[in-house]
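S.K.: Please read through the structure below; I'll follow up with questions.
The values are calculated or read from the model by the stated rules, or taken from the named source; none is laboratory data. None of the values given here were measured: they were computed from a predicted structure. With ideal geometry, Cβ positions are generated from the backbone for all residues, glycine too; neighbour counts draw on all protein chains shown. For accessibility, only protein heavy atoms count, side chains too; no ligands or nucleic acids. Shrake-Rupley method; radii C 1.70, N 1.55, O 1.52, S 1.80 Å.
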Amino acid sequence: MSARLILFFAFFLSSFALSAQRTRVTQVPKSPTSVANGVNSSGDKKIVTTSRKANGYMVYKGDTIKGLIMMGLDGVYLDHIQNNGSGKFYDVKFKDRGLKTIMMYNADNKPLCLTRVKESDKKLMRLLHEGKLTVYDDRIGYVYTPDDIDPFLVVVSYNGEVETLGSFSKGETRKDLIAYINDVYGLKIDYKTKWSELMLTMDGLD
């Protein structure tokens, strides 16, 4: 066999080996949102979440369970440490109607509350304001500014009645919410009030 032929076969084999190695690499798709990895207290199972760990609790089938909470794309993870030091790990889907409420407090001690407004609801809503008029929206995340609130899907609850103010127009949702606030609290907020000003006004109501 000539030296040129030997070099050709050597190059072919090395290329084939590199190609075979490449096919064994598995690409793990990243979540479309920011992620944080956690390890539960009862083992080394890794989970991918959309939020960092936060102290809090969840209400599940009448039981209030405290622990470290992380929010997933379709459910909640809770790591509960018992008094004897052992741990219990919960993985509950949002659509599980046994899950009533999730309450989390981040490093700034800012609360995030997700709750099922009606028992028949398929999803949890984020609590924005609790008082004579209770207001929710359809987002998941801590509220720092009025822009963090969903202007297109707001739900209000008053005297046991629940009304969805969802609209394709931010202006229409704003006007409907102003009408509710004026009626319930006996106010006269101008219907031209900006969304940001309305949210700050609502935050100061009881």
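S.K.: Can you pull out every residue in region 153-206 that is of a type in the set (Asp, Glu) and closer than 14 Å to Glu130 by Cβ?
M.R.: Hits for region 153-206 are Asp203, Asp206.
S.K.: Determine which single condition Tyr158 fails, assuming it passes every other condition in (1) at pLDDT 95 or above; (2) within 24 Å of the chain's Cα centre (by Cα).
M.R.: The number of the failed condition is (2).
S.K.: Give region 190-203 a look and list any residue that's open to solvent by 70 Å² or more (accessible area, probe 1.4 Å) and not aliphatic (A, V, I, L, M), or say none.
M.R.: Within region 190-203, Asp190, Tyr191, Lys192, Lys194, Glu197, Asp203 meet the criteria.
S.K.: Hey, another quick one. Suppose the filter is without any contact (Cβ under 8 Å) to a residue 24 or more places away in the chain and in contact with a helix residue (DSSP H, G or I) (Cβ under 9 Å, 6 or more places away or on another chain); does Leu133 pass it?
M.R.: When the stated conditions are applied, Leu133 does not pass them.
S.K.: Mind checking which residues of region 104-136 are of a type outside the set (A, V, I, L, M, F, W, C), farther than 19 Å from Tyr180 by Cα and surrounded by 13 or more Cβ atoms within 10 Å (Cβ to Cβ)?
M.R.: Hits for region 104-136 are Tyr105, Asn106, Pro111, Thr115, Arg116, Asp121.
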